[in-house]
1. Would you calculate, for the chain, the mean residue ellipticity at 222 nm contributed by helices, counting each DSSP H stretch of 4 or more residues as -39,500 (n - 2.57) and dividing by all residues, to the nearest 500?
2. Could you tell me the relative contact order of the chain? Use alpha-carbon pairs under 8 Å, at least six residues apart, and round to a whole percent.
3. Express in Å², to the nearest 10, the accessible area of H50 obtained by rolling a 1.4 Å probe over the protein heavy atoms while all chains stay in place.
4. Multiply the residue gap between Q125 and L71 by 0.36 nm, knock off their C-alpha separation, and tell me the result in nm, one decimal place.
5. Efficiency by 1/(1 + (r/R0)^6): what FRET value for V255 and I37, r their Cβ-Cβ distance, R0 = 35 Å, to the nearest 0.05?
6. Helix 308-317 sits at what angle to the longest principal axis of the chain, using alpha carbons and giving 0 to 90 degrees rounded to 10?
7. Taking amide H atoms as placed 1.01 Å from N in the peptide plane, list the residues 5 or more away in sequence, or in a different chain, whose amide H sits under 5 Å from that of I143.
8. With Cβ to Cβ distances under 12 Å as the rule, what net charge do the other residues near G183 carry (K, R +1; D, E -1)?
Amino acid sequence: MSLTRRQKWNIQKIQTEGIKRVNKVADDAQDLGHDAIAQIGLVITRYGQHLLVEDKSGNFIQCTARRNIDLSVAGDKVIFQATNNDEGVVTALLERDNILKRSNKLIATNINKLCLVVAIEPHYQFGLIDRYLIIAENNNLPIQIIVNKIELSDNINQVKSDFFMYETIGYQVSYLSVKAQKGINTLRAKLNDKKHIFLGQSGVGKSSLINELIPELNLHINEISTKSKLGKHTTTNTTLYHIPSGGDLIDSPGVREFHLDNLSNKEILNGFKEFKPFINQCKFRNCAHINEPVCGIKNALKTGDIHLKRYQSYLNLIN
Ligand SMILES: Nc1nc2c(ncn2[C@@H]2O[C@H](COP(=O)(O)OP(=O)(O)OP(=O)(O)O)[C@@H](O)[C@H]2O)c(=O)[nH]1
Ligand SMILES: [Mg+2]
Ligand SMILES: [Zn+2]
């Protein structure tokens with residue numbers, strides 16, 4: 001099975017990059033010695049100035065990167081040359097299909113879908129969910145919502161009606177419990193053969209869920225604080241893992257909160273995807289959708305086509 005996965009990975013590389021370009025990049029990379037062969041690798045994680053790179057046979061090589069190349073992160077495809085057994089130097093970065101940035105920081109690359117994990121404890125917040133959706137829309141990446149720890153809720157109908165709002169906008173929502181073993185298999189089937197990154201607050205159970213999906217992994221997890229119900233920032237590196245049956249999962253450290261300071265109001269508006277059909281009904285081209293007369297957004301609010309919670313969130317987030 002492992003061989004098949006490697007072969008698949010190899011074939012995909014050849015198809016996506018084209019042998020010619022890869023050879024060219026390899027030729028351009030400075031010579032590291034006559035027997036240092038340039039190879040394609042996948043960045044598994046970055047820690048400080050170091051990168052853990054996986055070669056096409058599934059070996060892990062600790063690499064440093066040439067100073068003249070851009071920062072690489074989990075999901076990147078690179079050219080590296082082995083200097084000795086388990087060490088190497090990354091000499092080039094291959095073209096990316098896409099990138100994920102949060103607060104101007106590069107998180108991961110070459111992703112198919114984002115998975116926003118929220119939970120009953122620490123309790124989900126609409127403002128935070130909307131910020132993640134804005135990040136996804138502005139990075140042009142699809143996103144799905146995973147509600148974990150549902151066994152802790154004493155009012156699951158309320159939870160479902162809270163998230164129904166996101167479903168009507170067009171986001172897929174999964175309800176599950178790692179602890180009670182509910183909804184895991186349904187989610188696993190949806191993740192097959194793609195590269196997903198798990199995002200969300202510290203303590204919601206991202207690593208627990210990845211452990212559940214890849215049982216041999218045994219990632220470090222931590223209790224949440226009994227007093228504040230907040231997570232303890234257990235995961236510190238964004239790291240890629242292979243699902244044995246196909247597909248990759250990237251675990252990322254939870255952030256307590258983040259702001260959208262680097263985004264313009266136009267980009268924030270772009271993050272509310274259900275607002276889009278109504279924008280051209282505004283009288284003024286530069287309408288901020290706050291107090292202006294004849295505003296498509298405010299009108300959609302009255303007719304119920306835009307949810308009040310989302311509109312309030314928009315008002316809270318714009319500068
Ligand atoms: N009650 C309950 N607890 C859960 C569930 N899933 C995970 N947990 C617990 O939640 C706590 C935090 O889990 P982690 O997997 O470390 O959370 P994380 O999102 O990876 O957190 P960071 O790495 O800090 O970002 C652990 O004590 C888990 O055992 C669940 O379904 N129900
Ligand atoms: Mg974690
Ligand atoms: Zn308007």
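The values are calculated or read from the model by the stated rules, or taken from the named source; none is laboratory data. The model shown is predicted, which means the values in this text are computed figures rather than measured ones. Cβ sites come from the backbone with ideal geometry, for glycine too, and all protein chains shown count toward neighbours. When the accessible area is computed, the model is the full protein with side chains, heavy atoms only, and any ligands, DNA or RNA have been set aside. Shrake-Rupley method; radii C 1.70, N 1.55, O 1.52, S 1.80 Å.
1. Value at 222 nm, helices only, nearest 500: -9000 deg cm²/dmol.
2. 13 percent
3. Answer for H50: close to 80 Å² accessible.
4. Length difference between fully extended and current span is 16.2 nm.
5. On the way: r = 40 Å, r/R0 = 1.13.
So the FRET efficiency works out to roughly 0.35.
6. 60 degrees
7. L114
8. +3
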